[in-house]
Amino acid sequence: MALAIEEYQALVGSELGVSDWILVDQAKIDAFAEVTGDHQFIHVNPELAKQTPFGTTIAHGYLTLSLCSVMAYGVMPGIKGTKMGVNYGLNKVRFMAPVKSGSSVRGRFKLLDVTQRPDGAWQSTVNVTVEIDGETKPALAAEWVTLQYL
């Protein structure tokens, strides 16, 4: 769904949607470890991880954060006339609870701000909360900043 910029701006303060659940299994964790070179035992060694308070391997925090993009595809409206959209950064991010291997996560997105920059790009700030199925505490909370070029 693509909205006119004025329609998109009118959504500031609104929840944009909640994504489908995504399974974070050991294969996904291992693949992320391979790509990033982060082979800390808590992520990739189930036997050693059993001895930790988590009782199993957990996803890398940055793996969970990286899933926000795919979560957003299904719920974030586009802006009509967008030629390109890019990540600009994060104002803040907190990893609040571990995502245990075999858990499912989903993203909840709330539009906080939309402003036009001097270069003509539209800057959006979105609050993202990644929930863990069956848990009360979220995996992470972040303010995600993107730029859309019309």
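The values are calculated or read from the model by the stated rules, or taken from the named source; none is laboratory data. These numbers come from a predicted model, not from an experiment. For neighbour counting, all protein chains shown are included, and Cβ atoms are generated from backbone atoms with ideal geometry for every residue, glycine included.
Do you know which residues across the range 75-92 are buried (at least 17 other Cβ atoms within 10 Å of the Cβ) and either in a helix (DSSP H, G or I) or within 14 Å of the chain's Cα centre (by Cα) (or both)?
Of everything in the range 75-92, those that are buried (at least 17 other Cβ atoms within 10 Å of the Cβ) and either in a helix (DSSP H, G or I) or within 14 Å of the chain's Cα centre (by Cα) (or both) turn out to be Val75, Met76.
Please work out which residue is farthest from Ala59 (Cα to Cα), limiting yourself to the range 84-135 and to residues that are in contact (Cβ under 8 Å) with a residue 40 or more places away in the chain and β-branched (Val, Ile, Thr).
Among residues in the range 84-135 that are in contact (Cβ under 8 Å) with a residue 40 or more places away in the chain and β-branched (Val, Ile, Thr), the one farthest from Ala59 (Cα to Cα) is Val114.
Report the residue count in the range 119-140 for those that are assigned to a strand (DSSP E or B) and surrounded by fewer than 16 Cβ atoms within 10 Å (Cβ to Cβ). Outline the logic, then answer.
Just the residues of the range 119-140 that are assigned to a strand (DSSP E or B), to begin with: 122-132, 140.
Still in the running and surrounded by fewer than 16 Cβ atoms within 10 Å (Cβ to Cβ): 123.
Counting residues in the range 119-140 that are assigned to a strand (DSSP E or B) and surrounded by fewer than 16 Cβ atoms within 10 Å (Cβ to Cβ) gives 1.
Listed here are the residues, each with its yes/no results for (1) farther than 26 Å from Thr146 by Cα; (2) in contact with a helix residue (DSSP H, G or I) (Cβ under 9 Å, 6 or more places away or on another chain); (3) of a type outside the set (Phe, Trp, Tyr); (4) surrounded by fewer than 17 Cβ atoms within 10 Å (Cβ to Cβ).
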position	(1), (2), (3), (4)
Glu6	no, no, yes, yes
His43	yes, yes, yes, no
Phe54	yes, yes, no, yes
Thr57	yes, yes, yes, no
Leu65	no, no, yes, no
Leu112	no, no, yes, yes
Arg117	no, no, yes, yes
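If only one of Ala27, Ala72, Ala33 is at pLDDT 95 or above, farther than 17 Å from Ser104 by Cα and outside any loop (DSSP other than H, G, I, E, B), which one is it?
Unique residue meeting the criteria: Ala33.
Which of the residues belonging to the range 8-28 are surrounded by fewer than 15 Cβ atoms within 10 Å (Cβ to Cβ) and under 16 Å from Trp144 (Cα atoms)?
Within the range 8-28, Val12, Gly13, Ser14, Glu15 qualify.
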